[in-house]
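No value in this document is a laboratory result; all are computed from the given coordinates. Keep in mind that what you see is a predicted model, and the values were worked out from it rather than measured. As a convention, Cβ positions derive from the backbone with ideal geometry for all residues, glycine included, and neighbour counts pool all protein chains shown.
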């Protein structure tokens, strides 16, 4: 049976903790699914546990990231590998609520380009996490919602569902961190495509260490933040603009 949703799970040296993440995902998702677990190198400590897990559940698919190291490339690789018409990006750290994956995917099936899990709308909440990072994220999300009308109050959150048709029409330019989420929201806005959101409760991870590099990745977030305020474009113009940014 073809999956209804492809779940993209970037990982980096998760070790045996990946089994807990996969158990939570597969017990929460009711739609026919595949879990694309994307890692950068064969030496990643996640790999042996993935190979063991997939023997008992064929929905788990290990994917070696062929675009190069880093979360942006891993997410792009996951989109390329997805066999469903809808892809959901979520993290392996347990911060996202996997019970919401079905609802996000169904919103995309109803016609939106992106369905975002929002910490900053009524009913949503962020519990824990670095104060500076969360404050910048909240300000960016709320100002983009109010002034650029992007359709979500949480453009920076990675936990989103996407139309694969939309992804393949605009491409992905990000090559650094987790800014793919805000990039695609900005592109959907420039195309005037619908974006929806549902409230989510994000919980700070209880084990391991975050790989988020605020100072290194902040300029990339700012670039896409500003891009969202532009005039309407066609998919061809979005792709041409991406090519010019890569040249410069």
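Just a few scattered comments:
- Residue-normalised convex hull volume from the C-alpha trace of the range 25-166: 136 Å³ per residue.
- Degrees separating the helix 71-81 axis from the principal Cα axis of the chain, which is the longest one: 80 degrees
- Helix 131-143 and the longest principal axis of the C-alpha atoms of the chain enclose an angle of approximately 50°.
- Of the peptides 83-90, 16-23, 233-240, the order by per-residue mean of other Cβ atoms within 10 Å, starting with the highest, comes out as 83-90, 16-23, 233-240.
- Tail weight of P(r) past 23 Å, computed on alpha-carbon pairs of the range 1-108, percent: 18 percent
- Shape parameters for the chain, alpha-carbon atoms, Rg then Dmax in Å: 16.9, 50
- Full-extension gain in nm, residue 240 to residue 136, via 0.36 nm per residue minus C-alpha separation: 34.5 nm
- Cα-based radius of gyration for the range 98-245, normalised by 2.2 N^0.38 Å, reads 1.00.
- Each peptide among 32-39, 151-158, 123-130, 195-202 gets the average number of other Cβ atoms lying within 10 Å of its residues, and from highest to lowest they stand as 151-158, 32-39, 195-202, 123-130.
- Full-extension gain in nm, residue 1 to residue 24, via 0.36 nm per residue minus C-alpha separation: 6.1 nm
- Computed from Cα positions, the angle between helix 214-227 and the longest principal axis of the chain comes to roughly 50 degrees.
- Relative contact order (%) - the chain, alpha-carbon pairs under 8 angstrom, separation at least six: 21 percent
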